[in-house]
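A.B. asks: My structure is below; once you've seen it, I'll send some questions.
The values are calculated or read from the model by the stated rules, or taken from the named source; none is laboratory data. Note that this is a predicted model, so its numbers are computed, not measured. No Cβ is skipped: glycine too gets one built from the backbone with ideal geometry, and neighbour counts run over all protein chains shown. Keep in mind that these areas ignore ligands, DNA and RNA; they rest on the heavy atoms of the full protein, side chains included. Shrake-Rupley method; radii C 1.70, N 1.55, O 1.52, S 1.80 Å.
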Amino acid sequence: MKRVMKNEKFDRLLSAIRNEQVDNEVVAQAGGRVWNSIAGAPVADLSSHKLRNCEDFQALIPEYLGKQLAGGRGLLFEDHVHACVACRHAVERVRSGEQRAVWRPGTERRSFPAWRWVMAAGAVAAVAVVALALSLGIFPGQQVVRGVVQNADGSLFAVTGDTVHIVPAGYEIRSGDEIRTAKGASAMVRLVDGSLIEMGERAELSLSREWKGSTIHLDGGQVIVQAAKQRTGRLYVATGDCLVSVKGTIFSVNRGIKGSRVAVIEGLVRVDYGDRTSELHAGDEVTSSPNVSTNSIQNEIAWSRNSAKYLALLGDFAVLQKQLAAIPGPGLRYSSDLVSYVPDDTVVYVAIPNLATTLGQASQIFQERMQQSPALRQWWHQQQKGSGPKIEDVMDQLKTFSSYLGDEIVFAVGKNGSVYGAPVVLARVRQPGLEAFLQRENHQLSAKSPRPALQMVRNPWALPSTSGQPILVYVKDDLLMASPDVAELQRAAGRAQSSNSHFAETPLYEQIVRSYQEGAGWLLCADMEQIVARNVQTGSNHDLPPGIGDVRYLTMEHREVGGKTDNRADLTFASERQGVASWLAAPASMGSLEFVSPEASMVTSAVIRNPRSIMEGLFQMLGSGDANFSQRLSEFEAKTGVNVLDDLAAPLGGEVTMAFDGPMLPTPRWKLICEVYDPTTLQATIAKLVDSYNREGSTQGRLLKLTKRKIGSQTYFAITNSQPTNSQPTDEVDYTFVDSYLIAAPDRGTLSRAIQNRQAGYTLTHAPTFQALLPSDGYTNFSAIFYHNIGPVVGPIAEQLKSSGALTSQQRQSIDALTGNSAPGLIYAYGEPDRIVVASNTGFMGFDLGTLLTMGHNGPFLPQMLLGRALSNSGNRVPRTQSQ
């Protein structure tokens, strides 16, 4: 394909000069002539035009274009124009024929050097400059290698003059060479300084070296630059409308017809565009034209091989989760004879179904999937490394052990006064051979330990009462009893012989029986009243928040009914909920969810009691533990002019929602929606807090700026954090009031979309995916919900990865499996008068792959796994885009 130039003859001449091979002898002779010229020629009169600012440099444009500038002055001019966008535009205007006023210097009195040694020092410096220029290869005619093609996926072309040819990996890129990726292609270029350039499809660039550093001339397309630490100078990326300069960082530059976009992944980047200069930190973006808006940097991270590997592995886990969920679980149990043998003072009762059949089928499914997936196989081999027990061996042992037992295994822990007893394990034995199996396992375990792990017991009453015992196992009349404590094992054996148990007389027993009557799968019942008995009996609540001392029972159940999962946890109280336990309000309408779109990846919403009452209770708690709290609160209110209860808590309503709704990168598009009864008072309070902050922070250079802007009928507020010496804000929070809600977000665009979605009815609560998760019960509303859906996060990343052409066929299948099996999930809560109920119909106790991926530290976990610190800190790095 022939490249069209503005001046074809000039390009051919320039190409001939570039391709001319210059012998070392010729270069040496040229250096000698330069030395003679510097040492023997009279000093040029440079004092008549001092170069102080852009006007001084722009006055030299006609002489520069007419090739009339002296060599040294020409180098200074080119160096300045290279770093100054305004002057570079001025050169282009004059070159294209636009008329402009040119500053004409007046005549000044000549000044000649007074000392000969000054001339000698200048000559030495000039020779050093020439030597440096030769070493850097910045003289015309020097075709120094600037980089090498590390790898290419698809067709990569080199354009040299009028010649275009395909180049392979290992191709050396010299000064002036232009390289271009084809449609659907990408390439990685390593510069001589160690910097890496990843080229997207249809990207076109060339490389050069000037006095201030190396420059990547991006003529079109998108690149990701991982700049190495520069020993001298800087690394630049020049487009037609901006200049990016760095010392060592990772950033993306996208040049198009409408303008350029620069996005920083790691480090600090300076961008000059027009008459403006911006310093961007990790996660920041800037565009050179109002016609180009900031956008998600998912395009950049989509090229990462690490992203492909992680997504492929997650896809395998998603398939496994779906296949394991399809395995028929053990049937429900409606009674249990084992409950009669637990300790009389039991406070924790756990019953799990026998999983021998389920474990066998799960192991088979896992092995089949591992044979199909290299990513899963690699992960599994990594898990198997080390000298500890292997997961596979443990699973096999557990499966074999379970095959000897009945349909239920019970764990119980008692409490006598303030002392907890040792746990007791109970199960029925359904086939012979258990004792021989345990003896074999004990022999293997004991070979790696100085003391045995298990001890089979013939007569519990013949055992010495010593501490540090192994797990004692006693089997009597097909009943297995195990405990690490001799006394507990003796008491269990006594109850089995006499069938005399007083546990049936306790309220916890009645609670357990009711759970069995409804059908038990996995069951946990805890007597919380006895667990916190020390606080209840002494009347001291120093260790417990107010209202928690009134708790009675905790019951957690997981069952499968009709092929559907039912998870439920009940926390009951002796009377109506009080204190902290009452902060969660009764189920009520959540209008704040109307501002959340169906694309949200994580949503937490709750209705709470009166915020003022909650704040009063919180102050009481803090004051009881800190004698100086009241004084510090008074000092804060006097300093800010804000009464926390009246000015901050009282204007708020009883509803709050936090959502990640929108692009997760470069920073999460979060929304905070709060119900507000008195927006005028709340806005005045915010203004007072900003003013107070500025009074305190002005001495340290930290300032907040509260601005107000009306667009149409909607008024938007913005709080920005800026330094006095930098007009560019470093942090921003925008908010507005709509009806009885305050909506806050990281930018005004997110607020506008939330309002528009609500007006159009495009909301989460109306989405079919959300409606399908709603339970069938007697409630019309919730007290709180936690919703997760990794599809909107994974989908765009997966599509970009697939379109990059960098995936293997197996990775494509695994990623397709992830997007195809990534279903949303919902955990919900009801606040009843004397209890709090938390339930879910997805996963195990509401936790599945989607829950785990969206409940990471400081935000969603999936982007953290893909991008390292990209979301856990305010603007951070992503994994390397290629293997290095």
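A.B. asks: Of all residues in the stretch 237-250 being part of a loop (DSSP other than H, G, I, E, B) and not polar (S, T, N, Q), which is most open to solvent (accessible area, probe 1.4 Å)? Before you say what the answer is, go through the steps one by one.
C.D. replies: To start, the set of residues in the stretch 237-250 that are part of a loop (DSSP other than H, G, I, E, B) comprises 239-241, 247-249.
From what is left, the residues that are not polar (S, T, N, Q) are 240-241, 247-248.
Working: Gly240: 43, Asp241: 43, Lys247: 86, Gly248: 22 Å².
The extreme case among them is Lys247.
Matching residues to (1) more than 30 Å from Arg495 (Cα to Cα); (2) surrounded by fewer than 16 Cβ atoms within 10 Å (Cβ to Cβ); (3) over 23 Å from the mean Cα position of the chain (by Cα); (4) at pLDDT 65 or above:
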{"position": "Leu280", "(1), (2), (3), (4)": "yes, no, no, yes"}
{"position": "Arg305", "(1), (2), (3), (4)": "yes, no, no, no"}
{"position": "Val319", "(1), (2), (3), (4)": "yes, no, yes, yes"}
{"position": "Val348", "(1), (2), (3), (4)": "no, no, yes, yes"}
{"position": "Gln364", "(1), (2), (3), (4)": "yes, yes, yes, yes"}
{"position": "His381", "(1), (2), (3), (4)": "yes, yes, yes, yes"}
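A.B. asks: Under the condition of being assigned to a loop (DSSP other than H, G, I, E, B) and surrounded by fewer than 18 Cβ atoms within 10 Å (Cβ to Cβ), which residue from the stretch 50-68 is modelled with the lowest pLDDT? Show your work before the answer.
C.D. replies: As a first pass, look at the stretch 50-68 and keep what is assigned to a loop (DSSP other than H, G, I, E, B): 50-53, 59-60, 66-68.
Among the residues that remain, those that are also surrounded by fewer than 18 Cβ atoms within 10 Å (Cβ to Cβ) are: 50-53, 59, 66-68.
On the way: Lys50: 58, Leu51: 64, Arg52: 62, Asn53: 70, Ala59: 83, Gly66: 80, Lys67: 76, Gln68: 78.
Top of the filtered list is Lys50.
A.B. asks: For the stretch 74-103, give me the residue count where each residue is in contact with a helix residue (DSSP H, G or I) (Cβ under 7 Å, 6 or more places away or on another chain) and either of a type outside the set (Lys, Arg) or modelled with pLDDT under 70 (or both). Talk me through it step by step, then tell me what you get.
C.D. replies: To start, the set of residues in the stretch 74-103 that are in contact with a helix residue (DSSP H, G or I) (Cβ under 7 Å, 6 or more places away or on another chain) comprises 74, 77, 80-81, 84, 86-88, 90-91, 94-95, 100, 102-103.
Pick out the ones that are also either of a type outside the set (Lys, Arg) or modelled with pLDDT under 70 (or both) and you get 74, 77, 80-81, 84, 86-87, 90-91, 94, 100, 102-103.
The qualifying residues number 13.
A.B. asks: For the stretch 237-258, give me each residue that is touching a strand residue (DSSP E or B) at 6+ places or on another chain (Cβ under 6 Å) and closer than 19 Å to Arg88 by Cα.
C.D. replies: Those that are touching a strand residue (DSSP E or B) at 6+ places or on another chain (Cβ under 6 Å) and closer than 19 Å to Arg88 by Cα: Val237, Ala238, Thr239, Asp241, Cys242, Leu243, Val244, Ser245, Arg255.
A.B. asks: Under 6 Å between Cβ atoms, which residue pairs at least 6 apart in sequence (or on different chains) link something in the stretch 612-638 that is farther than 20 Å from Gly547 by Cβ with a partner that is outside any helix (DSSP H, G or I)?
C.D. replies: Glu637/Asn643
A.B. asks: Name the single residue, out of those in the stretch 532-560 being assigned to a helix (DSSP H, G or I) and buried (at least 17 other Cβ atoms within 10 Å of the Cβ), that is modelled with the lowest pLDDT. Before you say what the answer is, go through the steps one by one.
C.D. replies: Step one: of the stretch 532-560, the residues assigned to a helix (DSSP H, G or I) are 533-538, 548-550.
Those left that are additionally buried (at least 17 other Cβ atoms within 10 Å of the Cβ): 536, 548-550.
Details: Val536: 44, Ile548: 82, Gly549: 81, Asp550: 84.
This residue is Val536.
A.B. asks: Could you tell me which residue of the stretch 158-202 is farthest from the chain's Cα centre (by Cα), considering only residues that are open to solvent by 50 Å² or more (accessible area, probe 1.4 Å) and of a type in the set (A, V, I, L, M)?
C.D. replies: Ile166
A.B. asks: While we're on this one: Looking at (1) at pLDDT 70 or above; (2) assigned to a helix (DSSP H, G or I); (3) surrounded by 14 or more Cβ atoms within 10 Å (Cβ to Cβ), which is the one condition that is false for Ala375?
C.D. replies: Unmet condition: (1).
A.B. asks: Look at Val486 and say whether it is farther than 27 Å from Arg552 by Cβ and aliphatic (A, V, I, L, M). Talk me through it step by step, then tell me what you get.
C.D. replies: On the way: farther than 27 Å from Arg552 by Cβ: yes; aliphatic (A, V, I, L, M): yes.
Yes.
A.B. asks: OK, next. Would you pick out the residues in the stretch 771-794 that are modelled with pLDDT of 85 or more and open to solvent by 10 Å² or more (accessible area, probe 1.4 Å)?
C.D. replies: Gln771, Ala772, Leu773, Leu774, Pro775, Tyr779, Thr780, Asn781, Phe782, Ala784, Phe786
A.B. asks: Here is a follow-up. Could you list, ordered by first residue, the pairs with Cβ atoms under 9 Å in which the first is in the stretch 180-203 and over 13 Å from Val167 (Cβ atoms) and assigned to a loop (DSSP other than H, G, I, E, B) and the second is open to solvent by 40 Å² or more (accessible area, probe 1.4 Å) and among the acidic types (Asp, Glu), at least 6 apart or interchain?
C.D. replies: From the stretch 180-203, the pairs are Lys183/Glu201; Gly184/Asp153; Gly184/Glu201; Ala203/Asp219.
A.B. asks: Suppose we filter the stretch 251-271 for residues that are open to solvent by 10 Å² or more (accessible area, probe 1.4 Å), farther than 17 Å from Asn291 by Cβ and in a strand (DSSP E or B); how many remain?
C.D. replies: 2
A.B. asks: Right, another one. Would you please name the residue that is farthest from Gly831 (Cα to Cα), looking only at residues in the stretch 620-664 that are among the aromatic types (Phe, Trp, Tyr) and over 34 Å from the mean Cα position of the chain (by Cα)?
C.D. replies: Quick first cut of the stretch 620-664, residues among the aromatic types (Phe, Trp, Tyr) only: 629, 636, 660.
Of the ones still in play, those that are also over 34 Å from the mean Cα position of the chain (by Cα) are 629, 636.
On the way: Phe629: 31, Phe636: 34 Å.
Looking at residues that are among the aromatic types (Phe, Trp, Tyr) and over 34 Å from the mean Cα position of the chain (by Cα), I get Phe636.
A.B. asks: If Ala422 satisfies all but one of (1) farther than 25 Å from Met481 by Cβ; (2) at pLDDT 85 or above, what's the number of the condition it fails?
C.D. replies: Ala422 satisfies all of (1) farther than 25 Å from Met481 by Cβ; (2) at pLDDT 85 or above except (1).
A.B. asks: Would you be able to say whether some residue in the stretch 521-528 is open to solvent by 50 Å² or more (accessible area, probe 1.4 Å), under 24 Å from Met556 (Cβ atoms) and either of a type outside the set (A, V, I, L, M) or in contact with a Pro (Cβ under 9 Å, 6 or more places away or on another chain) (or both)?
C.D. replies: yes
A.B. asks: Working only within the stretch 483-514, note down all residues that are open to solvent by less than 10 Å² (accessible area, probe 1.4 Å) and among the small types (Gly, Ala, Ser).
C.D. replies: Result: Ser483, Ala492, Ala493.
A.B. asks: So, of the residues in the stretch 205-228 that are open to solvent by 30 Å² or more (accessible area, probe 1.4 Å) and in a strand (DSSP E or B), which turns out to be farthest from Val164 (Cα to Cα)?
C.D. replies: Taking the stretch 205-228 first, the residues open to solvent by 30 Å² or more (accessible area, probe 1.4 Å) are 209-212, 217, 219, 226.
Of the ones still in play, those that are also in a strand (DSSP E or B) are 209-210, 217, 219, 226.
Numbers: Arg209: 23, Glu210: 26, His217: 18, Asp219: 16, Gln226: 27 Å.
If we take residues in the stretch 205-228 being open to solvent by 30 Å² or more (accessible area, probe 1.4 Å) and in a strand (DSSP E or B), then Gln226 is farthest from Val164 (Cα to Cα).
A.B. asks: Condition first: open to solvent by less than 80 Å² (accessible area, probe 1.4 Å) and β-branched (Val, Ile, Thr). Now tell me which residues in the stretch 392-432 satisfy that.
C.D. replies: The answer is Val394, Thr400, Ile409, Val410, Val413, Val424, Val425, Val429.
A.B. asks: Another one. Going by the conditions given, is Ile797 surrounded by 20 or more Cβ atoms within 10 Å (Cβ to Cβ), modelled with pLDDT of 90 or more and on the phi < 0 side of the Ramachandran plot? Write out each step before concluding.
C.D. replies: Numbers: surrounded by 20 or more Cβ atoms within 10 Å (Cβ to Cβ): yes; modelled with pLDDT of 90 or more: no; on the phi < 0 side of the Ramachandran plot: yes.
In short, no.
A.B. asks: Tally up the residues in the stretch 739-757 that are hydrophobic (A, V, I, L, M, F, W, C) and on the phi > 0 side of the Ramachandran plot, please. Before the answer, list the steps.
C.D. replies: Let us first name the residues in the stretch 739-757 that are hydrophobic (A, V, I, L, M, F, W, C), namely 742-745, 751, 754-755.
After this cut, where a residue has to be on the phi > 0 side of the Ramachandran plot as well, the list is none.
Total satisfying the criteria: 0.
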